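One structure is given below, encoded as structure tokens.
The values are calculated or read from the model by the stated rules, or taken from the named source; none is laboratory data. Small disclaimer: the values here were computed from a predicted structure and weren't measured. Cβ coordinates were reconstructed from backbone atoms using ideal geometry, including for glycine residues, and neighbour counts include every protein chain displayed.
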Amino acid sequence: MTDATRPRHHLVIGASGFLGAHVVRRLAAAGHPVRALLRPTSSTRGLEGLEELAGPVEVVHGDVHDADSIRAAMAGVDVVHFCVVDARPWLRDPAPLYRTNVDGLRTVLDVAREHDLHRFVLTSSIGTLPIGERPVTEDDGPHNWLHRTGHYIASRVAAEELALGYAREHGVPVVALCVANTYGPGDHLPTPHGGFLKAAVRGRSRFYVRGAAAEVVDVRDAAQAFLLAAERGRVGARYIVSAGWMSTEEILRTGAEHVGVPAPRWGIPLPVLSAVGAVGEVVARVRDRESRLTRETVRLMHVMTPLDHSRALTELGWQPRPLADTVRDAAEFFLRRRARPPAAPVPPVPVD
């Protein structure tokens, strides 16, 4: 077998997360050899059942702040998928956001410079894109709403700029995927936006946020975009990975109706929710604990504008499924999945 015909070996960093676990599954299902890197303390619930898939999967332990563990995991690898993101915009101390999203990425990129990689696929965010009066493309810019947001988006913008800078200046073959809000099966944590749907389909919420809307994508389709970017993505380019625009009201109604529960009926205006978020910030400071409902998290529910994902369709050959199908599948997952103890950690496989 020649280098041109042998299967590529893939490393997924952040393999225990919602998106990262799906990237591992898609790669293994396609028959690719996969190495899944996660921290020793990470839940492995999203990686259950991998032995049933076609491709071999190694599970190794490491950390994005430990260059030696990254170097060992990257040995013999052709493609790196970086799926590590601290997505907690509510943090009162923003230092962890920059430590993970920027400093951790820099450590991994420095190691990647030592390897002859085919691609380095970065999990970026639609939050790195500007807002405008028409659907925004990857070529629009520069970013024009940092003054309206906080450190979470600032850290994501800095991370994307860092990675693309390594492509230009150091030859790391970075392809950046600007991923929208992900929904679908396997959202165990769940994500903040998935939590709203989970509450609705289990009959625990009668409210929706009036005026809130966002770009949405099925997590399985987002994972497929990683496989396509690994082969077809242009080095130094970014691709919008989103299937379309949906309001929060439509998402919750679609999910609730699918599982046969009453949809949330009362809309909370955004200014009211923002005021509640401001109160939550004060309470969080007084009690010295985090509150997920802040003015920043409310702002992120509505600040962005629709996007144009045609580049991913034409250059990558990406074909996302209808959004309603995604929401219905996510609703079924939340309805049927019951709380259970976290899965036991998977023993690591030594890497030479």
Next item on the list: Would you mind stating whether VAL102 is assigned to a helix (DSSP H, G or I) and surrounded by 23 or more Cβ atoms within 10 Å (Cβ to Cβ)?
Entry: no
Checklist line | Condition broken by PRO345, with the remaining ones in (1) part of a loop (DSSP other than H, G, I, E, B); (2) at pLDDT 95 or above satisfied | finding: (2)
Notebook entry, point to check: From the list ARG292, ARG311, ARG232, ARG238, which one is surrounded by 20 or more Cβ atoms within 10 Å (Cβ to Cβ), among the basic types (Lys, Arg) and within 23 Å of LEU19 (Cα to Cα)?
Noted result: ARG238
Checklist line | Count of residues meeting criterion [loosely packed, with under 15 Cβ neighbours inside 10 Å and either free of Cβ contacts under 8 Å to residues at least 24 places away in the same chain or within 17 Å of ILE240 (Cα to Cα) (or both)] in region 141-160 | finding: 5
Check: Does PRO185 satisfy being at pLDDT below 95, within 17 Å of GLY17 (Cβ to Cβ) and not hydrophobic (A, V, I, L, M, F, W, C)?
Finding: no
Margin query: Looking only at region 131-140, filter to residues that are touching a Pro at 6+ places or on another chain (Cβ under 7 Å) and touching a residue at least 12 places away in the same chain (Cβ under 8 Å); which one of those is surrounded by the fewest Cβ atoms within 10 Å (Cβ to Cβ)?
Written below: PRO135
Next item on the list: Would you point out which residue out of ALA284, ALA256 is touching a residue at least 40 places away in the same chain (Cβ under 8 Å) and within 23 Å of ARG202 (Cβ to Cβ)?
Entry: ALA256
Note to self: Whether any residue in region 309-331 is assigned to a loop (DSSP other than H, G, I, E, B), in contact (Cβ under 8 Å) with a residue 40 or more places away in the chain and touching a Ser or Thr at 6+ places or on another chain (Cβ under 7 Å) is what I want to check.
What the structure shows: yes
Check: Checking ALA263 against (1) in a loop (DSSP other than H, G, I, E, B); (2) of a type in the set (A, V, I, L, M); (3) under 20 Å from GLY127 (Cα atoms), which test does it fail?
Finding: (3)
Next item on the list: Could you tell me whether ALA87 is within 20 Å of the chain's Cα centre (by Cα), in a loop (DSSP other than H, G, I, E, B) and on the phi < 0 side of the Ramachandran plot?
Entry: yes
Margin query: Name the residue that is farthest from GLU332 (Cα to Cα), counting only residues in region 202-252 that are basic (Lys, Arg) and out of contact with any Phe, Trp or Tyr (no Cβ under 8 Å at 6 or more places or on another chain).
Written below: ARG234
Next item on the list: Taking only region 109-124 into account, find how many residues are farther than 23 Å from ILE240 by Cα and part of a helix (DSSP H, G or I).
Entry: 3
Next item on the list: Spot the failing condition for GLY203; the list is (1) modelled with pLDDT of 95 or more; (2) assigned to a loop (DSSP other than H, G, I, E, B); (3) among the small types (Gly, Ala, Ser), and only one is missed.
Entry: (1)
Notebook entry, point to check: Which condition breaks for VAL157 when tested against (1) assigned to a loop (DSSP other than H, G, I, E, B); (2) under 28 Å from GLY280 (Cα atoms); (3) aliphatic (A, V, I, L, M)?
Noted result: (1)
Check: Which ones in region 69-84 are of a type in the set (A, V, I, L, M, F, W, C) and either assigned to a loop (DSSP other than H, G, I, E, B) or free of Cβ contacts under 8 Å to residues at least 12 places away in the same chain (or both)?
Finding: ALA75, VAL77, CYS83, VAL84
Check: Among the listed residues GLY165, GLY76, which satisfies the condition of being more than 29 Å from GLU296 (Cβ to Cβ) and surrounded by fewer than 23 Cβ atoms within 10 Å (Cβ to Cβ)?
Finding: GLY76
Check: Is one or more of the residues making up region 78-86 farther than 28 Å from ASP218 by Cβ, among the charged types (D, E, K, R) and out of contact with any Phe, Trp or Tyr (no Cβ under 6 Å at 6 or more places or on another chain)?
Finding: no
Item checked: Any pair with Cβ under 7 angstrom, 6 or more apart, that starts in region 21-49 at a residue that is within 22 Å of ASP66 (Cα to Cα) and assigned to a helix (DSSP H, G or I) and ends at one that is modelled with pLDDT of 90 or more and of a type in the set (Val, Ile, Thr) -> VAL24/VAL12; VAL24/VAL34; VAL24/VAL57
Note to self: Could you tell me how many of the residues in region 56-68 are in contact (Cβ under 8 Å) with a residue 24 or more places away in the chain and assigned to a helix (DSSP H, G or I)?
What the structure shows: 1
